[in-house]
1. Hey, could you check segment 175-203 for residues that are part of a helix (DSSP H, G or I) and more than 16 Å from the ligand (Cβ to nearest atom) and say which is farthest from ILE280 (Cα to Cα)?
2. Sort through ILE275, ILE280 and tell me the only one that's β-branched (Val, Ile, Thr), more than 30 Å from ILE34 (Cα to Cα) and at pLDDT below 95.
3. Which condition breaks for GLY341 when tested against (1) within 16 Å of ALA239 (Cα to Cα); (2) surrounded by fewer than 17 Cβ atoms within 10 Å (Cβ to Cβ)?
4. Quick one: which of LEU242, LEU217, LEU194, LEU222 is within 18 Å of SER310 (Cα to Cα), in the same structural domain as PRO306 (by TED's automatic domain parsing), surrounded by 22 or more Cβ atoms within 10 Å (Cβ to Cβ) and under 21 Å from the mean Cα position of the chain (by Cα)?
5. Taking segment 298-330 as the region of interest, how many residues are within 18 Å of the chain's Cα centre (by Cα) and small (Gly, Ala, Ser)?
6. Against the condition crowded, with 23+ Cβ neighbours inside 10 Å, among the hydrophobic types (A, V, I, L, M, F, W, C), assigned to a helix (DSSP H, G or I) and within 16 Å of the ligand (Cβ to nearest atom), how does ILE288 come out, does it pass?
7. Among the candidates ALA254, ALA206, single out the residue that is away from the ligand (no atom under 16 Å from the Cβ), farther than 16 Å from GLU307 by Cα and touching a Gly at 6+ places or on another chain (Cβ under 6 Å).
8. Find the residue count for segment 211-244, including only residues that are away from the ligand (no atom under 14 Å from the Cβ) and of a type in the set (D, E, K, R).
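The values are calculated or read from the model by the stated rules, or taken from the named source; none is laboratory data. Just so you know, these numbers come straight off a predicted model, no measurement behind them. We place every Cβ from the backbone using ideal geometry, glycine too, and count neighbours over all the protein chains shown.
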Amino acid sequence: MSKITIAQGAGGERMLEFIKEFVLNELEHDSGEIPLSALDDAAVVDGIVFTTDSYTVKPLFFPGGDIGLLSVAGTVNDVSVMGARPLALSCGMIIEEGFSGEDLHAIMRSMGATAKRAGVGIVTGDTKVVERGAADGLFINTSGIGRRSEYLDGNIKRVRASRDYPWNWPNDSAVADGDVIIVSGPIGNHGVALLSFREGYGFETAVKTDAAPLNSLIEAALRAGGVTAMKDPTRGGLANLLNEWAEKSSVGIAVREEDIPLEPAVLSACEMLGIDPLEIGNEGKVVIAAVPEAAEGVLKAIRAMPEGRSAQIAGKASADIEGVILQTHTGGKRMIEPPVGDPVPRIC
Ligand code: MG
């Protein structure tokens, strides 16, 4: 008899196999403009962008944030990277009997503040309380809907002035030869902040989560124009994101290690723990592909936003290579493989 494993929910290769076996095999999945089978950040049905995400982060409070911040930012970002403006969110909570009322107040305050910051309402929800031991404190699910950004048509027009672009949304299959890859800021902070705070790891760091709603930054990028694809490097990190793009878009991607934004404290924590910063999930970053003529304009637009100050052009897509290649500091080259599991479980 088969049993579900942690790795099957970790966002890497095992999860992809899991989705194919348990989800795509059993559900009708070809309806909508961006259907379930696209396995993108969100679906598009009748012009409405729609996404959902469950949050099981452990611990619930961590340096720089909590599950409330995470559950709003994550869903806002998955709607936004499809080129949509988030319209409304739902909130479903599963609470373990005995959970602290003060903690729940704090988490709900944080949800409210993050929703306000993103300019989106939480308009419907559901609460279940289960008996002690049946859940680990609190789990939250948020779903979100969004409407096509008013800047998306202009953005696509700009792309089409440069190259053939059959897409109507900046989806995972839309990256092509020559596209410039922009990373919106330092990676790895969220995973390292969580690990440092967990019991038993015995190291301290000033690293805080990067969790933040990115809808304003993303809108600024679309307004600049020339964006071909966008995605948030959550579970599986930058390594998983670039491999998903390379596979779905049938194009190679090369990035330069020196141009991937990374804070020294995150790098040293990763070295100490033996984990690859490229494989750690982020909750306040977006990776943007843009046609070369527009890349500097997009970069400038997102650097003008507080969440994008350290954005960098990190590489480009190329038909001449296969898979994802990292050009290292020392001038060498190595393949970036999609992570099999998750180096830091339950970070979101
Ligand atoms: Mg996503």
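1. At the first step, the residues of segment 175-203 found to be part of a helix (DSSP H, G or I) are 189-197.
Those left that are additionally more than 16 Å from the ligand (Cβ to nearest atom): 189, 192-197.
Details: ASN189: 8, VAL192: 8, ALA193: 11, LEU194: 11, LEU195: 11, SER196: 13, PHE197: 16 Å.
In this case the residue turns out to be PHE197.
2. On the way: ILE280 fails: more than 30 Å from ILE34 (Cα to Cα).
The unique qualifying residue is ILE275.
3. For GLY341, the exception is condition (2).
4. Values: LEU242 fails: within 18 Å of SER310 (Cα to Cα); LEU194 fails: within 18 Å of SER310 (Cα to Cα); LEU222 fails: within 18 Å of SER310 (Cα to Cα).
Residue meeting the stated conditions: LEU217.
5. The qualifying residues number 4.
6. On the way: crowded, with 23+ Cβ neighbours inside 10 Å: yes; among the hydrophobic types (A, V, I, L, M, F, W, C): yes; assigned to a helix (DSSP H, G or I): no; within 16 Å of the ligand (Cβ to nearest atom): yes.
No, not satisfied.
7. Details: ALA206 fails: touching a Gly at 6+ places or on another chain (Cβ under 6 Å).
Criteria check complete, one pass: ALA254.
8. 2
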